[in-house]
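The values are calculated or read from the model by the stated rules, or taken from the named source; none is laboratory data. Predicted model, so just to flag it, every value in this text is computed and none were measured. So basically every Cβ, Gly included, is an ideal-geometry build from the backbone, and we count neighbours across all protein chains shown.
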Amino acid sequence: PTAHLTIDPHFVVGPINRRLFGSFVEHLGRSVYDGIYEPGHPAADEEGFRTDVIELVKELGVSAIRYPGGNFVSGFRWEDSVGPREERPRRLDLAWHSTETNEVGLHEFSSWLDKVGSELMLAVNLGTRGTLEALDLIEYTNIARGTALSEQRIANGKTDAFGIRMWCLGNEMDGPWQLGHRSADDYGAIAARAAKAMRMVDPSIELVVCGSSGAQMPTFGEWERVVLGHSYDEVDYISCHAYYEEKNGDLGSFLASSVDMDRFIESVVATADHVKAVKGSDKTIDISFDEWNVWYQDRFQQVDKIEGIDNWPVAPRLLEDVYSVADAVVFGSLLISLLKHADRVTSASLAQLVNVIAPIMTEPGGPAWKQTTFFPFALTSALATGSTLVQKLTSDRYTSELYGEVNLVDAVATHDEGSGRTSVFLVNRSQTDAAVVTIDVGALGSAALLDAQTLSDADIHAKNTLAEPTRVGLRPLESVEEADGTITVTLPPVSWSALSLG
Ligand code: AHR
């Protein structure tokens with residue numbers, strides 16, 4: 001197949017918000033315990049955090065991190081997670097049929113975030129709780145001093161306010177699996193009331209209202225319209241969540257997953273703008289794509305599921321998907337989709353970060369290593385600075401079972417005026433053939449190729465594992481030629497690649 005891309009720095013979609021490279025740590029499985037936190041580990045610091053994991057998180061380049069859930073948050077009492085550790089209660093976590101020890105809570109997690117250099121994005125429980133508890137939490141975190149809860153925080157060792165800017169108003173409230181699942185009308189009204197009250201405490205916060213748990217939800221579209229009908233004036237973002245997996249051996253559709261993500265984003269933008277028009281508002285609602293990834297959900301239903309009245313394990317192995325090269329290629333294409341919509345997707349969270357559907361894996365007492373998905377995230381986070389450029393792409397096409405006719409090659413370019421750097425991210429969805437892509441870079445003037453890397457392999461099922469932790473990685477893309485303002489690059493079949501010019 002062939003494709004042609006024209007790059008012109010004069011035509012900009014929008015600035016790339018660093019929050020696009022966020023992630024997510026939920027109290028789920030071994031994400032926190034035996035993941036970021038393992039006091040007995042040889043690499044643990046004085047607070048029990050694994051320094052090898054901290055280094056990998058820094059290398060990954062994540063901005064804001066969403067916490068503490070996820071489904072977990074809908075049964076969470078934040079007060080359990082602060083104060084003297086020996087007094088913290090052990091609780092049932094109904095979302096994941098586990099025991100939460102509360103050994104790591106708000107203060108500890110915030111301290112870990114300081115170590116990795118990321119911002120906190122905190123979710124309040126609107127499943128089994130409401131406005132009052134959300135108000136208590138924001139008083140505890142954001143009021144400097146002089147009130148019951150701010151003084152309690154100070155007594156618990158944190159003199160300065162946490163100053164948390166980004167807040168999620170519950171989690172996936174459209175999902176029947178969610179504790180406290182509600183109708184769009186009920187949730188929209190509750191979210192609007194909670195948002196209004198929280199802003200009375202701190203007007204500078206940014207609020208994310210729950211959108212749909214996926215474009216396949218039966219209420220999708222109508223949910224967004226009704227929820228924003230209630231909450232439009234009170235919130236800043238509506239969330240999107242999407243997970244993709246190869247189903248029934250249909251690799252062609254799986255490789256085209258980002259087409260679904262594109263359509264999902266564009267539908268939510270249209271719905272939000274419809275509510276804006278109806279309300280005659282001059283405010284625009286952005287998208288917080290605060291859960292996205294490849295996730296083999298069937299495996300969770302069939303293998304991982306914990307049951308039994310006497311069976312509530314602490315930090316069980318849950319959702320520990322091991323990602324292949326093909327998974328990482330799809331993952332890279334999802335990042336391309338997010339970047340293409342940088343004007344409206346101004347926050348996103350890779351779900352999740354460590355051990356649970358994660359780019360980073362750990363073994364208790366043993367090593368930490370990078371999954372295949374680590375590489376496209378780290379390189380995109382490092383290279384995609386400045387603004388996304390308008391996508392001028394033509395490509396040969398193929399027919400996928402789920403999404404119809406789609407491009408064999410997808411691509412996006414970014415340009416940073418400050419540094420003069422341009423980056424191009426490309427995916428070849430062909431399962432059999434290399435794709436020859438010509439890139440017209442004439443409008444960039446004298447930009448030269450600085451680097452070209454690819455993630456591909458003769459074995460698209462290759463993975464990194466405890467036994468073979470460095471089997472898959474990036475390698476230089478050799479097949480790049482430059483002549484007369486045109487770059488010609490040959491992309492291997494089932495590959496994700498990044499070029500950097502400057
Ligand atoms: O990320 C795993 C789970 O997926 C989250 O807890 C939930 O919000 C979503 O369904």
Which of the residues that make up segment 164-178 are touching a residue at least 12 places away in the same chain (Cβ under 8 Å) and away from the ligand (no atom under 11 Å from the Cβ)? I164, R165, M166, W167, L169
Conditions (1) part of a helix (DSSP H, G or I); (2) touching a residue at least 12 places away in the same chain (Cβ under 8 Å); number of the one not met by E55: (2)
Meets criteria (within 16 Å of the ligand (Cβ to nearest atom), assigned to a loop (DSSP other than H, G, I, E, B) and on the phi < 0 side of the Ramachandran plot) for A342: no
Exactly one of (1) assigned to a loop (DSSP other than H, G, I, E, B); (2) in contact with a strand residue (DSSP E or B) (Cβ under 9 Å, 6 or more places away or on another chain) is unmet by W96. Its number? (2)
Condition check: in a loop (DSSP other than H, G, I, E, B), closer than 30 Å to I306 by Cβ and either within 16 Å of the ligand (Cβ to nearest atom) or assigned by TED's automatic domain parsing to the domain that holds D80 (or both). Does L122 satisfy that? no
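Just to be sure, is G22 within 16 Å of the ligand (Cβ to nearest atom) and over 26 Å from H97 (Cα atoms)?
When the stated conditions are applied, G22 passes them.
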Any residue in segment 82-92 that is in the same structural domain as S31 (by TED's automatic domain parsing) and within 24 Å of the chain's Cα centre (by Cα)? no
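This table checks each residue for (1) part of a loop (DSSP other than H, G, I, E, B); (2) in contact with a strand residue (DSSP E or B) (Cβ under 8 Å, 6 or more places away or on another chain); (3) surrounded by 20 or more Cβ atoms within 10 Å (Cβ to Cβ).
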| position | (1), (2), (3) |
| --- | --- |
| S204 | yes, no, no |
| V208 | no, yes, yes |
| G211 | yes, yes, yes |
| M217 | yes, no, no |
| F220 | yes, no, no |
| W223 | no, no, yes |
| L228 | no, yes, yes |
| S239 | no, yes, yes |
| A242 | no, yes, yes |
Determine whether S257 is in contact with a Gly (Cβ under 8 Å, 6 or more places away or on another chain) and among the small types (G, A, S). no
Filter pass, I138 being part of a helix (DSSP H, G or I) and either away from the ligand (no atom under 16 Å from the Cβ) or modelled with pLDDT of 95 or more (or both): yes
Pairs, first assigned by TED's automatic domain parsing to the domain that holds W223 in segment 236-257, second within 16 Å of the ligand (Cβ to nearest atom) and among the hydroxyl-bearing types (S, T, Y), C-beta under 7 Å, six or more apart: Y237/S288; Y237/S347; S239/S288; H241/S213; E245/Y296; F254/Y244; S257/Y244
